[in-house]
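Below: the structure, in structure tokens.
The values are calculated or read from the model by the stated rules, or taken from the named source; none is laboratory data. Treat the numbers as computed from the prediction; the structure is a model and nothing was measured. Cβ placement follows ideal geometry from the backbone for every residue including glycine, while neighbour counts extend to all protein chains displayed. For accessibility, only protein heavy atoms count, side chains too; no ligands or nucleic acids. Shrake-Rupley method; radii C 1.70, N 1.55, O 1.52, S 1.80 Å.
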Amino acid sequence: MGMIALTVNQRAVQASVEPRTNLADFVRDKLDLTGTHLGCEHGVCGACTVLLDGAPARSCITYAVACEGAEVTTIEGLDVDEVIVELRSAFTREHALQCGYCTPGMLVSARDLVLRLPEADERQIRVGLSGNLCRCTGYVGIVRAVQSVIDQRRARNIAPEPDGGRKILGPVGSGRSVHDGVDRAERIRLVENDPTSPEAARSVDSIPDFTPATVLNQHFSVAHPPEQVFAMFDDIASVAACLPGASLTAPPSPQRVEGAIRIRIGPIAATFVGSARLERSPADLSGRIVGIGNDRRSRSSTQGEIRYRLVPIEQGAATRVDLSIGYTLTGMLAQVGRPGLVRDLAARLIAEFAGNLDRRLSGTSPDAAVAADLNGVSLVLGLLRARVARWFGRFSSDKDGAA
């Protein structure tokens, strides 16, 4: 693994990547910028085209480590770009897209033509777009769209830019041993100390806020008053012992915890190691846990947030625990996750946690409540049994209704 520092969509990015990782996989898997599409993965179809230092380039055949110090702009970074806004409108007007898979790369290449060409010459446009393949449109609408934008801009006396916005000659990253006054050794040090970096998850000083990619809402009830449950939630070691697969890797403090959670789904085994910060509000019996972690084996990383609120039920003799679970997962494991399965697994996991929590609140011996590793196979089998039972129940109801 190597450390790189670059700018993506005008945002400084520091990350650890393998030398073999291409730029397309890097922006999609590490940064969740999935507007960059992968087609041929040989630099032929152009679906993965992005801007590198202002010039269109194939991200599928560009190594991410070669972009050290470079400025990368994906289609997401051009959302409010003046030329792209005009091209999007023209593509719609001229019916220049159908399935849309090639469109992000097509727009990036078309933008370069609009900036450079002095006039809307059809032959030059077709040559300029020859590296972007489209299986749907036949290109006629695309060419008309690009011509119309060039004509309109020249009619408004917007002169062409011979260099098309290019900032540096030569290979991407060339001549960038120093970037913004910070040499490579210093950039690597910043990566190692970056709180969002997976490598720093064990020793991070502060846990940043984030916007979760997925949010799940769950709730469960325990036959104990809210005050007792809230006090229990203050005992981090006991709470971790109730969560299947969870363990602490250092003594917890009232505001911070370091630990790990082990997951096994068939041949896939992962151990996410990380840190979390804790927030509690005794006034309304609520709290929040924000954490980051990484699994070195799969090179996956995650950020997570759990919000909980305790609601008295049964005249205060019992408690409903309302949960909001948000997370963002990147890396290999993000490619095998499915929202529906994750939602069902989370429900089953929370059910096991609730049972362990209830037993501990009832004074069960700690040894009896120690949670085993989170075994995805057993959870999936349980889910399948539950779903089959529901299907048979619906079938029986329909049959009875028809009778």
Gap separating the Cα centres of segment 50-70 and segment 125-153, nearest whole Å:
23 Å
Amide H proximity to Y139 below 5 Å, modelled H, separation 5+ or other chain, gives none
Using only the Cα atoms of segment 207-281, build the gyration tensor, take square roots of its eigenvalues as a ≥ b ≥ c, and label the shape rounded, prolate or oblate: rounded if a/c is under 1.5, else prolate if a/b is larger than b/c, else oblate.
rounded
Loop only by DSSP, 16 or fewer other Cβ within 10 Å of the Cβ. Give me the GluC sites (Glu not before Pro) in segment 70-135 that pass, ordered by residue number.
E119
Candidates per trypsin sites (Lys or Arg not before Pro) in segment 217-304, loop by DSSP, up to 15 other Cβ within 10 Å:
R296, R297
Whole number in Å², please: accessible area per residue of segment 107-169, 1.4 Å probe, ligands, DNA and RNA not counted.
54 Å²
Residue-by-residue Karplus 3J(HN,Hα) for segment 279-286, coefficients 6.51, -1.76, 1.60, Hz, glycine and proline x:
10, 9, 10, x, 4, 10, 6, 10
Amide H to amide H, which residues 5 or more places from T49 or on other chains are under 5 Å from it, using H placed in the peptide plane?
S59, G105
Please list the non-local residues whose amide H lies under 5 Å from the amide H of A269, H modeled 1.01 Å from N, same-chain partners needing a gap of 5 or more.
none
